[in-house]
Amino acid sequence: MKLIMAIIKPFKLDEVRESLSALGVQGMTVTEVKGYGRQKGHTEIYRGAEYAVSFLPKLKIEVAVKAEMADAVIEAISSKAKTGQIGDGKIFVTQLAQVVRIRTGETDGDAL
Amino acid sequence: MKISISKRLVLGALASVATLVATAGSALAATPKIDSGDTAWMITSSALVLLMTIPGLGLFYAGMVRRKNMLATMAQSFGATCVITVLWMIIGYSIAFTPNPDASWNPYIGGFAYLFLKPMALNAVSSLAPTIPESVYMFFQMTFAIITPALIAGALADRMKFSSFLWFMSLWLLLIYCPIAHWVWGGGWLGTYGALDYAGGTVVHLNAGTAGFVVCLMLGKRIGYGTENMAPHNLLFSVIGASLLWVGWFGFNAGSAVTANVNAGMAAAATQIATAAAALGWMFSEWLIAKKPSVLGMISGAVAGLVAITPASGFVNPVGALIIGVAAGVVCYISSVWVKKLLGYDDALDTWGVHGVGGALGALLTGAFASNAINSSAKGWLIDGNFGQMWIQFVDVAAVFVYCGVGTFIILKVIDMVIGLRVSPEVEREGLDINLHGETVHG
């Protein structure tokens, strides 16, 4: 099993969710986050006082899938979240040791 | 009055016919001609001016501070409103707007006969406002006395103890505002001298701005000023606050006619024109220099215009209002953004840059643009050729600036020695809301 975590541009969420649903992904967690990467921040000016805003708002999505689905999910996210502009985000993939569905007590593949 | 006269007629056996006629005659002469239209407008105006402070000014300021100090900033407007209301009832109105029986003192301070408003009977009328009940005039002037000290809160934001703030508001009201209001409006020396201040360019705005300048220098800069992010936490509140100020200001300026007449109408028109012009003046200056027309710039410009047209509103024609507005937008932009940066003082929300500079500018331009055709009690320089008015306006500005500056310094020194002015660095870092008031804004 794999845990796929992706940082994406906020307005790309719906496209990504639709493509993952089409692949059969059953669930997803979304968090509003701030961070920086290659994309520069911007400057805000209030009555002449300038503030550099270096942390930009992004969305973090987390999806747990069976190992054989991982490549298709990664491909779907990277194609749908892509604008070609700097700041499109990143995808992080890790091995997933255990999954439990709280309601039924099902584990691992049955719980995904 | 008719009832009392007929009672006297019933008891007429004890009095001669001549006495009766004289009594009835003097009673009729003393009968105040209270006008219902004027009274309705002045109660409305008083409520509008109160709306300027709570929630108008409170929201305008609270939106500009950081989230951790938002409630503390609202508490300053609200707390000032309540403390000043009570003090105005106890002594403020008496020393500002009632005559001093000692003629040698009357140019400087009013009398003490109106302590606790005791002589203010149901039918009482002030000679300063002969067509409305004195209760309404006292209330109207109370709302001015409330907003003037409350304006100072913009300069001391984010770092003053609430206890010291309330002491400061109280002492400043009685020792600075009340005397100056008496000088200009209450029969004192500046009004007699001929100073034109329709609704408080010097009495209210230069006065509050000067006090703001002094208090921000004495408190010192906020921790992290110039290095940490102090961006306004929610400008939407400031937009709502500025809009409420704009609406409430019709009570302030048009209400200062103290009647519902042609002067009130022209003051309302001048106020609207100058405010819009100043918002555009600030916006286009900023657009040109800083490349973007900010929302904070537009609302700041509008407030600057309201401030500058305040002394002029009942004296100038619409073209005068337009010019004063544009000048206020441009000049207050320069003072709040560039001059502040150059000199490096931390006037947190620009009480001096907007109210001090805008008030002084408006007072001087009142001398230039006042028109005898608009107000028969005024003769200005450019339209009526009365250059002397410029000197009178300058004296008005200088007197308020010097008296307020020195007096504010002394008041703050005394408070600082007794209880201290500023919160501890830990409290300032963590926020005033949780530490001073035990509350925070959730959600």
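Read-outs: derived from the displayed coordinates by stated rules, not from any lab. It should be emphasised that the depicted structure is a prediction, and the values quoted were computed from it without experimental measurement. Here the Cβ is made from the backbone with ideal geometry for all residues, glycine too, and neighbour counts use every protein chain on show.
How many angstrom lie between the C-alpha centres of segment B:115-164 and segment B:318-333?
First find each Cα centre; the distance between them is then 29 Å.
Efficiency by 1/(1 + (r/R0)^6): what FRET value for B:Ala124 and A:Lys60, r their Cβ-Cβ distance, R0 = 56 Å, to the nearest 0.05?
Working: r = 69 Å, r/R0 = 1.23.
Here the calculated transfer efficiency is 0.20.
When the helix-only estimate is applied to chain B (DSSP H runs of n ≥ 4, each -39,500 (n - 2.57), divided by the residue count), what is the mean residue ellipticity at 222 nm, nearest 500 deg cm²/dmol? Write down the numbers at each step before the final one.
On the way: 19 runs with 261 residues, N = 443.
For chain B, the value works out to -19000 deg cm²/dmol.
Enter the per residue convex hull volume of the protein assembly as shown, computed from alpha-carbon coordinates, in Å³ rounded to the nearest integer.
221
Using a Cα-Cα cut-off of under 28 Å, which lysines could be cross-linked to B:Lys118, ignoring same-chain neighbours fewer than 8 residues away?
Those lysines meeting the cut-off are B:Lys2, B:Lys7, B:Lys33.
List the relative contact order of segment B:217-373 as a percent without decimals, with contacts defined as Cα pairs under 8 Å and 6+ residues apart. It would help to have the intermediate numbers written out before the result.
Numbers: 249 pairs, mean separation 39.6, N = 157.
25 percent.
Loop only by DSSP, 16 or fewer other Cβ within 10 Å of the Cβ. Give me the trypsin sites (Lys or Arg not before Pro) in segment B:270-376 that pass, ordered by residue number.
Details: sites: B:Lys291, B:Lys340, B:Lys341; in loops: B:Lys291.
In loop regions of segment B:270-376 (DSSP not H, G, I, E or B), the sparsely surrounded trypsin sites (Lys or Arg not before Pro) are B:Lys291.
Order B:77-88, B:319-330, A:19-30 from most to least packed using the mean count of other Cβ atoms within 10 Å. Walk me through the intermediate numbers first.
Numbers: B:77-88: 20.0, B:319-330: 24.2, A:19-30: 13.9.
The densest-packed peptide leads the list: B:319-330, B:77-88, A:19-30.
For chain A, what relative contact order do you get, as a whole percent, if you take Cα pairs closer than 8 Å and at least 6 residues apart?
Numbers: 180 pairs, mean separation 47.3, N = 112.
It rounds to 42 percent for chain A.
Please compute the Kirkwood hydrodynamic radius over segment B:304-443, one decimal place, Å, based on all pairs of different Cα atoms.
Numbers: mean 1/r = 0.0566 Å⁻¹.
After inverting the pairwise mean of 1/r, the radius is 17.7 Å.
Tell me, in nm to one decimal, what length is gained between A:Ile91 and A:Ala22 on full extension, where the rule is 0.36 nm per residue of separation less the Cα-Cα distance?
Values: separation 69, 0.36 × 69 = 24.84 nm, distance 1.93 nm.
The A:Ile91-A:Ala22 span can extend by a further 22.9 nm.
Which GluC sites (Glu not before Pro) in segment B:340-443 pass both tests, a DSSP loop state and at most 14 other beta-carbon atoms within 10 Å?
Details: sites: B:Glu426, B:Glu428, B:Glu430, B:Glu439; in loops: B:Glu439.
Sparse-neighbourhood loop GluC sites (Glu not before Pro): B:Glu439.
Once amide H atoms are placed 1.01 Å from N in the peptide plane, what residues at a sequence separation of 5 or more from B:Val65, or on another chain, have their amide H within under 5 Å of its amide H?
Under 5 Å from the amide H of B:Val65: B:His233.
Please list the three semi-axes, largest first and in whole Å, of the ellipsoid equivalent to segment B:182-272, using sqrt of 5 times the eigenvalues of its alpha carbon gyration tensor. Let's see the in-between values first.
On the way: eigenvalues 219, 95, 11 Å².
So the three semi-axes of segment B:182-272 are 33, 22, 7 Å.
Please find, in a Gaussian network model of chain B (springs between Cα atoms separated by less than 10 Å), the residue of B:Ser126, B:Ser163, B:Ser285 whose mean-square fluctuation is greatest.
B:Ser163
Could you calculate the contour length gain from B:Ile223 to B:Ile34, that is, 0.36 nm times the residue separation minus the distance between their Cα atoms, to one decimal place in nm?
Details: separation 189, 0.36 × 189 = 68.04 nm, distance 5.48 nm.
Full-extension gain reported as 62.6 nm.
Mean Kyte-Doolittle of at least 1.0 and a Cα length of 27 Å or more along the axis: which whole DSSP H helices of chain B meet both? Walk me through the numbers before you get to the answer.
Working: long enough: B:134-156 (34 Å, 1.40); B:262-290 (41 Å, 1.10); B:388-418 (45 Å, 1.53).
Qualifying helices: B:134-156, B:262-290, B:388-418.
Taking the beta-carbon count within 10 Å as an exposure proxy, list B:Thr192, B:Thr408 from fewest neighbours to most.
The order, fewest Cβ neighbours first, is B:Thr192, B:Thr408.
Dividing the convex hull volume of the alpha carbon atoms of segment B:120-250 by its residue count, what do you get in Å³ per residue?
Working: hull volume 19.4 nm³, N = 131.
Residue-normalised Cα hull volume stands at 148 Å³.
For B:Ala47 and B:Val441, calculate 0.36 nm times their separation in residues minus their Cα-Cα distance, and state this gained length in nm to one decimal. Can you show the working numbers first?
Details: separation 394, 0.36 × 394 = 141.84 nm, distance 2.78 nm.
In short, 139.1 nm is gained.
Which of the residue pairs A:Lys40/B:Lys161; A:Lys82/B:Lys341; A:Lys90/B:Lys221; A:Lys12/A:Lys66; A:Lys12/B:Lys340 have a Cα-Cα distance greater than 31 Å in the structure shown? Could you put the intermediate results ahead of the total?
Values: A:Lys40/B:Lys161 39 Å; A:Lys82/B:Lys341 42 Å; A:Lys90/B:Lys221 42 Å; A:Lys12/A:Lys66 24 Å; A:Lys12/B:Lys340 42 Å.
As for pairs spanning more than 31 Å Cα to Cα, those are A:Lys40/B:Lys161; A:Lys82/B:Lys341; A:Lys90/B:Lys221; A:Lys12/B:Lys340.
Just to compare against my own numbers: the Cα pair-distance distribution for segment A:2-111, 5 Å bins, whole % per bin, please.
Over segment A:2-111, the share of Cα pairs per 5 Å bin runs 2, 11, 19, 20, 15, 12, 7, 5, 4, 2, 1, 0 percent.
Beyond 41 Å, what share of the Cα-Cα pairs of chain B remains, rounded to the nearest whole percent?
Details: 17321 of 97903 pairs.
Of all Cα-Cα pairs in chain B, 18 percent lie more than 41 Å apart.
Provide Rg over Rh for segment B:43-106; use the alpha carbon set for both Rg and the Kirkwood Rh (inverse mean inverse pair distance). Display every interim value, and only then the final one.
Values: Rg = 16.2 Å, Rh = 13.8 Å.
Checking Rg against Rh, the ratio lands at 1.17.
How would you order A:64-76, B:195-207, B:213-225 from highest to lowest mean count of nearby Cβ atoms within 10 Å? If you can, show how the numbers build up before the last one.
On the way: A:64-76: 16.5, B:195-207: 29.8, B:213-225: 18.4.
Descending packing order for the listed peptides: B:195-207, B:213-225, A:64-76.
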